[in-house]
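Worksheet for the structure shown next.
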């Protein structure tokens, strides 16, 4: 069964750090991607069951809003990404992320 993907983009590193921390603590999700987008924008992505990704993204958004100077640029959830999207975009579970994966 495919896992959902949750993504948060912020302006500034402290906001994305707070979001990532809140998301992995709020639900049974795995952090699978982090990168700098452009002009100080940072992106973090998580994977997990949709029922876990939704509250995790909500917790991440709330965490960004509490960080002084941070700005939430966008967020979204893809409930069931097809395999061809997973193979092209960097959202698949990797050997690095697999060791931190919560299975139950």
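The values are calculated or read from the model by the stated rules, or taken from the named source; none is laboratory data. What you see is a predicted model, and the numbers here were worked out from it, not measured in a lab. When we count neighbours, we look across all protein chains shown, and the Cβ atoms used for this are built from the backbone with ideal geometry, even at glycine.
The residue of the range 13-49 that is nearest to residue 71 (Cα to Cα), among those that are more than 9 Å from the chain's Cα centre (by Cα) and part of a loop (DSSP other than H, G, I, E, B), is 40.
Of the residues that sit in the range 78-95 and are surrounded by fewer than 16 Cβ atoms within 10 Å (Cβ to Cβ) and outside any helix (DSSP H, G or I), which one is modelled with the highest pLDDT?
From the range 78-95, those surrounded by fewer than 16 Cβ atoms within 10 Å (Cβ to Cβ) are 79-80, 82-85, 87-90, 93-95; that's our starting set.
So of that shortlist, the ones also outside any helix (DSSP H, G or I) come out as 79-80, 82, 89-90, 93-94.
Details: 79: 93, 80: 87, 82: 82, 89: 75, 90: 71, 93: 69, 94: 70.
Among those residues, the one meeting the criterion is 79.
Here residue 39 fits the description: surrounded by fewer than 20 Cβ atoms within 10 Å (Cβ to Cβ) and at positive phi. Checking the range 54-68 against the condition returns no match, with no residue being modelled with pLDDT under 95 and either on the phi > 0 side of the Ramachandran plot or surrounded by 20 or more Cβ atoms within 10 Å (Cβ to Cβ) (or both).
Answer yes or no as to whether residue 69 is over 12 Å from residue 22 (Cβ atoms) and not in a strand (DSSP E or B). Yes: the conditions hold for residue 69.
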